[in-house]
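The values are calculated or read from the model by the stated rules, or taken from the named source; none is laboratory data. Keep in mind it's a predicted model, so treat the numbers as computed, not measured. All Cβ positions, even for glycine, are placed from backbone atoms using ideal geometry, and neighbour counts span all protein chains on display. Surface areas here come from the heavy atoms of the whole protein model, side chains and all, with no ligands, DNA or RNA. Shrake-Rupley method; radii C 1.70, N 1.55, O 1.52, S 1.80 Å.
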Amino acid sequence: MRSTLHRCHSCLSRLGIMQNRFYASGSRRSVLRQDVSRLPVHQFPIARANDTRVYVWGLAATGALGMQTSVKKQAQIYTDFVQHPSRLSFAEGHTVTDVATGYGFTVYVVNAKKETELWGTGINTDGQLGFQKAPGPHKKPLELLIYPAPIDLSTAKIQQNQRIIRVAAGRAHVLALTEDGTVLAIGNNAYGQCGRKIVPNEDYFRNPVVTVIPLEEPVRAIECGQDHSLMLTESGRVLSCGWSDDGQAGQGQYGLIDTPGLAEGDIKGEQIVKVSSSCDTILAINEKGELFGWGNSEYGQLGDVAQDNPQINTPRQLSFTKECGKIIDIAAGGSYCLILNEHGDVFSWGYGILGFGPEVQHRPNPTRIPPALFGRNEFNPNARVVSIASGITHCAAINDQHDLYMWGHNRYACLGLGHKNDQFFPLKVALNARVQKVTCGVDHTVTLCKAFV
């Protein structure tokens, strides 16, 4: 602990009186020692390298930011938003290890003493945050949470003390991954996105069901699109279920798929290492850094393979990225896509705010965003981006200095730049921490950070 000495105005006034007395008595040293010993001492904790911090910003009305503990205070800011990154008090008392943003809600993986827990805040109209009841004798569940609360997963039949390591969120459903590769699902299952049979007129809100998705092999990564789910197995295969009207499931058919099945096509036999989907377009990369895609391509997200049909229902290899080098990260937005190569360069294409200024709204092929916009300059010539992320209409990138850059539509100040104006090229976000992960919702953003030391 480090002590910092603060002298308030009243203390300084008393010190001045004491000094005047000294000039009259000639005993300055003893008087000053006596006075300083009475001054208040404030202690502040020293930041440690493993300290976890969570910063949130964007729309506050849904409760997705989880900043309020009082309903009265929440009502006062119901139409407001948070323009700057705000440190979440919940994360000060809980060890957050992963986070995901859905459509108006946020889910956290929290390390407890003997197990990991899932906590959530925000919209709960489809039971995506479980059964949540306000204190008191009534049993009416809550449709909206303004502060994170634990999600009851006890109805799921999983091995005792199995820790949750990852979480993903869609429009109204949540996936959670345990350390042994088991996948849990909760929330809306109207399209089969929770990997179980669709029950007509099911009440997801009052009777939320936690499902253990039956899979043939352990899963190492999970991803939620708007109303579909993707699961990456340990052997590098992609399993999918849910809404596939644009071919999102990649199983060669359109419509509803309530039983997880393999997405094959051009990725059959490939070892896939990552999948990405925020809406209805899917990107995937293999261990060689080659790009594949399927789903919606109405805005040219999938390039030439979708010339004859903008809805691709089987994975196809996207050859137009070969000149970009080996790809190590991907982000599929609503009408655009991003890729990151091994040299730390970011490429974007499709339709929307792509990072090239207000005059450029469309790119048919991957185009490199100038590296200088991510901190590469003559003073830092080796700066490079290490990860990328996207929501439906806004984007994010983290460089090797753990700085966060954002651009895109600034809906409810979801870019964290201190205003609501759209940002047409990447701009650094003012954050007093080292950003480890960023997740973009529809109108809010959450970062998982480490403290500066």
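Of the residues that sit in the range 86-103 and are more than 15 Å from the chain's Cα centre (by Cα) and outside any strand (DSSP E or B), which one is surrounded by the fewest Cβ atoms within 10 Å (Cβ to Cβ)?
In this case the residue turns out to be 93.
What strands (runs of 3 or more DSSP E), lying completely within the range 163-211, carry at least 1 residues that are in contact (Cβ under 8 Å) with a residue 12 or more places away in the chain, farther than 16 Å from residue 105 by Cβ and touching a Gly at 6+ places or on another chain (Cβ under 8 Å)?
Details: elements: 164-169, 173-178, 183-187.
By residue number, 183-187.
Please tell me if residue 106 is buried (at least 16 other Cβ atoms within 10 Å of the Cβ) and over 19 Å from residue 211 (Cβ atoms). First the steps, then the outcome.
On the way: buried (at least 16 other Cβ atoms within 10 Å of the Cβ): yes; over 19 Å from residue 211 (Cβ atoms): yes.
The answer is yes for residue 106.
Just give me the residues in the range 363-377 being part of a loop (DSSP other than H, G, I, E, B) and either of a type in the set (Val, Ile, Thr) or open to solvent by 40 Å² or more (accessible area, probe 1.4 Å) (or both), in sequence order.
Let us first name the residues in the range 363-377 that are part of a loop (DSSP other than H, G, I, E, B), namely 369-370, 375-376.
Matches in the range 363-377: 369, 370, 376.
Taking the range 346-356, which residues are open to solvent by less than 10 Å² (accessible area, probe 1.4 Å) and more than 22 Å from residue 292 (Cβ to Cβ)?
Within the range 346-356, the first condition is being open to solvent by less than 10 Å² (accessible area, probe 1.4 Å), and the residues that meet it are 346, 348-350, 354-355.
Answer for the range 346-356, where residues must be open to solvent by less than 10 Å² (accessible area, probe 1.4 Å) and more than 22 Å from residue 292 (Cβ to Cβ): just 355.
Every residue in the range 378-389 that is touching a residue at least 24 places away in the same chain (Cβ under 8 Å) and either in a loop (DSSP other than H, G, I, E, B) or open to solvent by 20 Å² or more (accessible area, probe 1.4 Å) (or both), please.
Let us first name the residues in the range 378-389 that are touching a residue at least 24 places away in the same chain (Cβ under 8 Å), namely 383-389.
Correct list: 383, 384, 386, 387.
Which of the strands (runs of 3 or more DSSP E) found entirely inside the range 248-345 contain at least 1 residues meeting this: open to solvent by 40 Å² or more (accessible area, probe 1.4 Å) and of a type in the set (D, E, K, R)? Explain how you work it out, then say what you get.
Details: elements: 256-263, 272-276, 281-286, 291-296, 311-317, 327-332, 336-341.
In the range 248-345, the matching strands (runs of 3 or more DSSP E) lie at 256-263, 272-276, 311-317.
Would the range 145-153 turn up any residue that is in contact with a Leu (Cβ under 8 Å, 6 or more places away or on another chain), part of a loop (DSSP other than H, G, I, E, B) and over 16 Å from residue 256 (Cβ atoms)? Give the steps one after another, and end with the answer.
Kept after step one, since they are in contact with a Leu (Cβ under 8 Å, 6 or more places away or on another chain), are these residues of the range 145-153: 145, 149-151, 153.
Pick out the ones that are also part of a loop (DSSP other than H, G, I, E, B) and you get 151, 153.
Adding the requirement that they be over 16 Å from residue 256 (Cβ atoms) leaves 151, 153.
Taking every residue of the range 145-153 in turn, at least one turns out to be in contact with a Leu (Cβ under 8 Å, 6 or more places away or on another chain), part of a loop (DSSP other than H, G, I, E, B) and over 16 Å from residue 256 (Cβ atoms).
Give me a count of the residues in the range 433-453 that are touching a residue at least 60 places away in the same chain (Cβ under 8 Å) and more than 24 Å from residue 172 (Cβ to Cβ). Explain how you work it out, then say what you get.
Filtering the range 433-453 for residues touching a residue at least 60 places away in the same chain (Cβ under 8 Å) gives 433, 437, 439-453.
Then drop every residue that is not more than 24 Å from residue 172 (Cβ to Cβ), which leaves 433, 449-453.
Total meeting the criteria: 6.
Of the numbered conditions (1) open to solvent by less than 50 Å² (accessible area, probe 1.4 Å); (2) under 17 Å from residue 423 (Cα atoms); (3) of a type in the set (D, E, K, R), residue 359 fails exactly one; give the number of that condition.
For residue 359, the exception is condition (1).
Given the criteria closer than 17 Å to residue 292 by Cβ and open to solvent by 10 Å² or more (accessible area, probe 1.4 Å), does residue 234 qualify?
On the way: closer than 17 Å to residue 292 by Cβ: no; open to solvent by 10 Å² or more (accessible area, probe 1.4 Å): yes.
When the stated conditions are applied, residue 234 does not pass them.
Being at pLDDT below 95 and in contact with a strand residue (DSSP E or B) (Cβ under 8 Å, 6 or more places away or on another chain) is the requirement here; does residue 101 meet it? Write out each step before concluding.
Numbers: at pLDDT below 95: no; in contact with a strand residue (DSSP E or B) (Cβ under 8 Å, 6 or more places away or on another chain): yes.
Answer is no for this residue.
Go through the range 120-143 and count every residue that is crowded, with 19+ Cβ neighbours inside 10 Å and under 21 Å from the mean Cα position of the chain (by Cα). Working first, answer last.
From the range 120-143, those crowded, with 19+ Cβ neighbours inside 10 Å are 120-124, 126-130, 132; that's our starting set.
Then drop every residue that is not under 21 Å from the mean Cα position of the chain (by Cα), which leaves 120-124, 126-130.
Selection size over the range 120-143: 10.
Rundown of residues vs (1) touching a Cys at 6+ places or on another chain (Cβ under 9 Å); (2) open to solvent by 10 Å² or more (accessible area, probe 1.4 Å); (3) assigned to a loop (DSSP other than H, G, I, E, B), yes/no style:
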position	(1), (2), (3)
401	no, yes, yes
412	no, yes, no
417	no, yes, yes
424	no, yes, no
431	yes, yes, yes
438	no, yes, no
447	no, no, no
